[in-house]
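Derivation of every value follows stated rules applied to the coordinates shown; laboratory data play no part. In this text the structure is predicted, and so the values were computed from the model without any measurement. A quick note on method: Cβ atoms are made from the backbone with ideal geometry, for glycine too, and the neighbour counts reach across all protein chains shown.
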Amino acid sequence: MKPSKEQQLWMYEHMLISRYFEESIETIYMEGKTPAFNMAKGPIPGEMHLSNGQEPCAVGVCAHLTPSDVVTSTHRPHHVAIAKGVDLDRMTAEIFGKKTGLSGGRGGHMHIFDAAVNFSCSGIIAQGMGPAVGAALSRQMQNKDGVAVAFLGEGAANQGAFHETLNLAAVWKLPVVFVIEDNAWGISVSKSSSTAIERNDQRAAAYGMPGHFIPGNDPLAVFEVAGQAIERARRGEGPSLIEIETYRLAGHFMGDAEGYRPEGEKDALFAKDPIPKLRAHLEAQHGWTSSDDAALVARCHARVDAAIAFARESAFPAPEEALEKVFV
Amino acid sequence: MTVATKERKLTIARAMAEAIAQEMRIDDKVFVMGEDVGPLGGVFGNTRGLHDEFGSLRVRDTPISETAFMGAAVGAASDGMRPIVELMFVDFFGVCFDAIYNLMAKNTYFSGGETPVPVVLMTSTGGGYSDAGQHSQCLHATFAHLPGMKVVAPSNAYDAKGLMTAAIRDNNPVIFMFHKALQGMGWLGTEKDAIVHVPEEAYEVPIGKAAIVREGSDVTLVGITSGVHHSLKAARTLAERGISAEVLDLRSLVPLDRDTVLASVRKTGRLIVVDEDYQSYGMSAEIISSVVEQGVVLKAAPQRVAYPDIPIPFTPVMEQWALPNADKIIAAFEKMTNG
Ligand SMILES: Cc1ncc(C[n+]2csc(CCOP(=O)(O)OP(=O)(O)O)c2C)c(N)n1
Ligand SMILES: [Mg+2]
């Protein structure tokens, strides 16, 4: 299942949007946080986990999904949300804590919910997996179309929830796909020092489901493998587990000094940045020109700039709205 | 002048690390495990330097597997070790609470006292920096409610060191809750009053003993961690108006030093409890009922300034509005005296 030119361009476009979105958030996040870095300050307070470099995971998988398919993501959700089609204006406003945000400012960057496209995320490691399995169960019980995809980090594969949900999904043959974004780090702790096996796709065997490993942070390869797994789920043949080698080009969160990285690691990762690689592929295979590229980049930037302007211009909620929506 | 040069002020983070290091030097059964506690020194700085001194066998980075390492702490403790285990944010207790409240808290009792569980569980609490409701809760009362665990929570570095030393030497499980805003990590803002003189030598602050951090005669303000600092600020403002507020720092919720609270309220006749934890079914209710059931004669109905019963919102306009602060304490006092 190779991506068509159109699908490749869709992936490229969403990678560009996602990267420029993160770069913009990164700049704005620092407003009010210099010279003294204090998380509480500036237009975007709180923790901020950026997804720079991990775009291939999001686009390669979400290229196969429709709005009615369910996605759960993690504390590092922006790239997946963008690829899943979450309303960018309202997501940005949520990250700014504005009234026009998806949750009226209650959730923020780690709690992005967009019911219109069946997207949600959570800041507790591996805890998006159960809800994805539950959504798949609901589809199966209601005889309704659609699959669920749970995104998680490689660090999350060591949580109890990972093992319990894999077994449950397999024993009930649910239409769900588990996607591990392996960026080699859980904060300062490396995958190799925390995980008993080299590759988490091997764990699929223990739960009687297919496991796939995708090296090279390559969106085209992710597209192929994810397509097979999602089709399998749609056919009612049960869950799959995919581990994608990806790169965290940013710190764990904003403010991370990254002293734990081996010397030169960051430079090596930047040299393998998936965005220029995909651009080079488009040029070589599909006659993509520099003027095509300039036009697309300009369009993507304009889209993000508009979302940020929307967020900045939106009003804050009234403080007392904090008391609303606890129950409906 | 000589006094000033002798002052060695530490943050709570440094004081915790120092207490742990001193106990690790004299007792090779003491070890530390948790996420990012090794070379990084803990996300909140409280294990800084330990990995350098004691190495990776005694200062262990764990996988993100709280269920496993919390249970392991129980088993290691019952087999002669003295684990100090970190739960990075208290909000994550959900994935490992069985090991905490069904094992750590009950094994001593169920074994008729034969199998003690000398674990220190240290965990960060508190909000105020827009991290939303999965990373900002206090949850003191959730732990204090369930019998079998001691619960301590310092408001300053002196108490942090002494309570940590006492916790490590205690043969019972001790939940050591440190508030992020008091930790002295610049990136979380810094409550300057939490950074105080800390003696070099090891010492214990007794678990279960409240401190009178400011004496007064008109009203008793009772708090823990951040609530103590809000109370001290309110007391300073009230003093300018000629009102004398006594401020109590509970320091421990289990055991709870009811005697000190009762003595103070008997003297002042007024009680305000300040708590960043959720209002209902919590510390404020416990303190007020402890006073009321003793028949202490009060000049006004007791008040509480606590976190409303809502998940903690992200947006700063909502979060800051919901948090306790000195102004709310003063408003509560005015209500008591005008009403
Ligand atoms: C249950 C739980 N434990 C610990 C944390 C703290 N924490 C947040 S992100 C993180 C690392 C996660 O690593 P990984 O799953 O690989 O995702 P990545 O950050 O690399 O995207 C940790 C330990 C948490 N949020 N939830
Ligand atoms: Mg990771």
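Per-residue 3J(HN,Hα) values for the stretch B:93-105, derived from phi via the Karplus relation 6.51 cos²θ - 1.76 cosθ + 1.60 with θ = phi - 60°, read 4, x, 7, 9, 6, 4, 4, 6, 8, 9, 10, 3, 7 Hz in sequence order (x marks Gly and Pro).
Result for chain B in a Gaussian network model with C-alpha springs under 10 Å: among B:15, B:285, B:160, the largest mean-square fluctuation is at B:285. A Cβ-based charge dipole, computed about the Cα centre of the protein assembly as shown with Lys and Arg at +1 and Asp and Glu at -1, lands at about 960 debye. Reducing the stretch B:19-51 and the stretch A:81-102 to their Cα centroids gives an inter-centroid distance of 40 Å. Any idea which of A:121, A:259, A:48 is furthest toward the positive side of the dipole for the stretch A:5-323, if Lys and Arg beta-carbons carry +1 and Asp and Glu beta-carbons -1? In the stretch A:5-323, that residue is A:121. Averaging the Cα positions of each part gives two centres, and for the stretch A:211-243 and the stretch A:1-79 these lie 21 Å apart. Each stretch of four or more DSSP H residues adds -39500 (n - 2.57); spread over every residue of chain B, this sum gives -10500 deg cm²/dmol at 222 nm. Scaled to the globular estimate 2.2 N^0.38 Å, the Cα spread of the stretch B:1-66, given as radius of gyration, is 1.28. Applying the Karplus relation 6.51 cos²θ - 1.76 cosθ + 1.60 with θ = phi - 60° to the stretch A:16-26 yields 3J(HN,Hα) values of 5, 4, 4, 5, 5, 4, 5, 5, 5, 4, 4 Hz, where x marks Gly and Pro. Annotation for residue A:13 and residue B:280: the two label points, set 7 Å from Cα along the Cα-Cβ direction, are 4.9 nm apart. Kirkwood's formula applied to the C-alpha pairs of the stretch A:5-323 gives a hydrodynamic radius of 20.0 angstrom. Each DSSP beta bridge with both residues in the protein assembly as shown is either parallel or antiparallel, and the antiparallel ones are about 15%. Each of B:8, A:248, A:106, A:139 was scored by other Cβ atoms within 10 Å of its Cβ. Arranged with the fewest first, they read B:8, A:139, A:248, A:106. For the stretch B:272-339, the set of trypsin sites (Lys or Arg not before Pro) satisfying both a DSSP loop assignment and a count of at most 16 other C-beta atoms within 10 Å is given as B:299. Our summary gives the stretch B:9-197 a relative contact order of 26 percent, counting only alpha carbon pairs under 8 angstrom and 6 or more residues apart. Using a cutoff of 8 angstrom between alpha carbon atoms and counting only pairs six or more residues apart, the relative contact order for chain B works out to 16 percent.
Net charge of the neighbourhood of residue B:317, taken over other residues with C-beta under 13 Å away and scored Lys/Arg +1, Asp/Glu -1, is 0. With the largest listed first and rounded to whole Å, the semi-axes of the equivalent ellipsoid of the stretch A:20-108 from the Cα gyration tensor are 25, 15, 9.
Restriction of the GluC sites (Glu not before Pro) in the stretch A:223-276 to DSSP coil positions whose beta-carbon has at most 16 other beta-carbons within 10 angstrom yields A:237, A:258, A:263. Lys and Arg at +1, Asp and Glu at -1: add these up for the other residues within a Cβ distance under 9 Å of residue A:123 and post the number. Its environment carries a net charge of -3. Decide, for the stretch B:186-234, between rounded, prolate and oblate: order the square roots of the alpha carbon gyration tensor eigenvalues as a ≥ b ≥ c, take rounded if a/c falls under 1.5, and otherwise choose prolate if a/b is larger than b/c, else oblate. Here the stretch B:186-234 falls in the oblate category. Using C-alpha pairs below 8 Å separated by at least 6 residues, the relative contact order for the stretch B:209-285 is 43 percent. Would you mind checking which residues have amide H under 5 Å from residue A:50's amide H? H placed 1.01 Å from N; only 5 or more apart, or other chain. Answer set, sorted by chain and number: A:254.
Taking each residue as 0.36 nm, the span from residue A:198 to residue A:4 lengthens on full extension beyond its C-alpha to C-alpha distance by 66.6 nm.
For a Förster distance of 45 Å, can you work out the FRET efficiency between the beta-carbons of residue A:257 and residue A:115, rounded to the nearest 0.05? Efficiency computed from Cβ-Cβ geometry: 0.75. In the elastic network of chain B, a GNM with C-alpha springs shorter than 10 Å, the most mobile of B:111, B:289, B:56 is B:111.
Using the Cα coordinates of the stretch A:156-270, the gyration tensor eigenvalues translate into equivalent-ellipsoid semi-axes of 29, 16, 11 Å, sorted from longest to shortest. Between the exposed loop cleavage positions of chain B, defined as GluC sites (Glu not before Pro) in a non-H, G, I, E, B DSSP state with at most 14 neighbouring beta-carbon atoms within 10 angstrom, the longest gap is B:8-113. When chain A is treated as a Gaussian network with alpha carbon springs shorter than 10 Å, the biggest mean-square fluctuation among A:134, A:238, A:53 belongs to A:134. Distance distribution P(r), the stretch B:9-197, all Cα-Cα pairs, bin width 5 angstrom from 0: 1, 9, 18, 22, 22, 16, 8, 3, 1, 0 percent. Within 10 Å of the Cβ of each residue in B:28-41, the mean number of Cβ atoms contributed by other protein chains is 2.
With both residues required to sit in the stretch A:5-323, DSSP beta bridges show an antiparallel share near 10%. For the peptides A:168-176, A:288-296, A:205-213, the ranking by packing is A:168-176, A:205-213, A:288-296, with the highest mean count of neighbouring Cβ atoms within 10 Å listed first. Converting phi to 3J(HN,Hα) with the Karplus coefficients 6.51, -1.76 and 1.60 and the offset θ = phi - 60°, the stretch A:252-259 yields 4, 9, 5, x, 6, 7, 6, x Hz in sequence order, with x at every glycine or proline. With the convex hull of the Cα atoms taken as the outline of the protein assembly as shown, the averaged projected area works out to 32.1 nm².
Principal axis extents of the C-alpha atoms in the stretch A:1-149 (largest first, rounded to whole Å): 54, 35, 27. How big, in percent, is the set of alpha carbon pairs in the stretch B:211-338 lying more than 26 Å apart? Percentage above 26 Å: 15. Over all directions, the projected convex hull of the C-alpha atoms in chain B averages 17.8 nm² in area.
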